[in-house]
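The structure under discussion appears below in the form of structure tokens.
The values are calculated or read from the model by the stated rules, or taken from the named source; none is laboratory data. If you're wondering where the values come from, they're calculated on a predicted model, not measured in any experiment. Ideal geometry is used to build each Cβ from the backbone, glycine not excepted, and the neighbour counts take in all protein chains shown.
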Amino acid sequence: MYSIAIHGGAGTIDKALMTIEKEKAYNLALQSSIFAGEEILKEGGTALDAVAAAVCELENQPLFNAGKGSVFNAAGKNEMDASIMDGNSMLAGAVAGIWGIKNPVLLAKEIMLNSEHVMMMGSGAIEFAKQHNFKIFPDEYFFTDARFIQLLEAQKAGVMQLDHADNKNKKGTVGAVAKDIYGNIAAATSTGGMTNKKFGRVGDTPIIGSGCYANNNTCAISCTGHGEFFIRQVVAYDISCLIEYKNLSLEQACHEVVKNKLVKTGGEGGLIGVNKNGEICFSFNTPGMYRASKKSNEDLFIGIFE
């Protein structure tokens, strides 16, 4: 038995602004991501490889704020973060403030498997990538008209903003969680951060325990939303703790953190989770979250709105 779930960001996703064509494009992208991860699980591959493959598919899509679809910072550059964690070995890898890497999640995985470190950032991470034969893509690969327009709007308004939907309340980031046939779980998260971000801002995505966490004894979690709140609340690890120390179910723990703790502090967003039994949970306190899931014995699920 295997399970996999993905997300493409949570936020104020307005049904009135969602055209049939746009919804179809999102659904196809989510389906492509799920099937990329499921193919690995079906063939007896690991949860770690499955979440990496699923996130790569989302990073390759201009629809989501990660990889090719990453938003622009204040300097008009794409600055990306990513993380991955294996619930079996408890090893983790992360990158922050990187550029030119087509699939940041794969660089995070490379750091996890082939370095002594958990997180690398900026030029140091790029140097590591070059030494491990990662191709450095030109700025043009990451340029999309929609993201550039978002930057111009944000600069005109003098604000920094998150991705997805209306200009006041945008949430970005992509992620995946999975359980393989061996009973191991894993999580991965990737993002382009905030439009018009300054000062080397880093959110929760590359921070193990905040935006990503996996432990075979409890759960695997991937988050999306306003990163500052997820960092302060150590959201992903908090859910694991509620399961381990309070014996809450995955669903109870996720909803307690997302719909109670985060709401009380003004934090908006959501997350996906899977536990050692293969149970999946989607939890978000926004009107929508791009999401999908598949279990070995169930049909594909895709959702956008609540």
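Structure values in brief
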read-out	value
Yes/no for Cys254 being part of a helix (DSSP H, G or I), within 19 Å of the chain's Cα centre (by Cα) and crowded, with 24+ Cβ neighbours inside 10 Å	yes
Qualifying residue in region 264-277 (condition: surrounded by fewer than 20 Cβ atoms within 10 Å (Cβ to Cβ), part of a helix (DSSP H, G or I) and either touching a Pro at 6+ places or on another chain (Cβ under 6 Å) or touching a residue at least 12 places away in the same chain (Cβ under 8 Å) (or both))	yes
Within region 119-148, tally of residues that are crowded, with 17+ Cβ neighbours inside 10 Å and at pLDDT 95 or above	8
Residue ranges of strands (runs of 3 or more DSSP E) in region 36-150 with at least 3 members over 25 Å from Gly278 (Cβ atoms) and not polar (S, T, N, Q)	92-98, 119-121
Pick from region 1-48, criterion in contact with a Leu (Cβ under 7 Å, 6 or more places away or on another chain) and of a type in the set (A, V, I, L, M), ranking: nearest to Gly227 (Cα to Cα)	Ile6
Extreme residue, surrounded by the fewest Cβ atoms within 10 Å (Cβ to Cβ), among residues of region 225-248 that are among the hydroxyl-bearing types (Ser, Thr, Tyr) and touching a strand residue (DSSP E or B) at 6+ places or on another chain (Cβ under 8 Å)	Tyr237
One residue from Thr205, Thr224 being part of a loop (DSSP other than H, G, I, E, B), touching a residue at least 60 places away in the same chain (Cβ under 8 Å) and of a type in the set (S, T, N, Q)	Thr205
Within region 279-301, tally of residues that are in a loop (DSSP other than H, G, I, E, B) and either hydroxyl-bearing (Ser, Thr, Tyr) or touching a helix residue (DSSP H, G or I) at 6+ places or on another chain (Cβ under 9 Å) (or both)	6
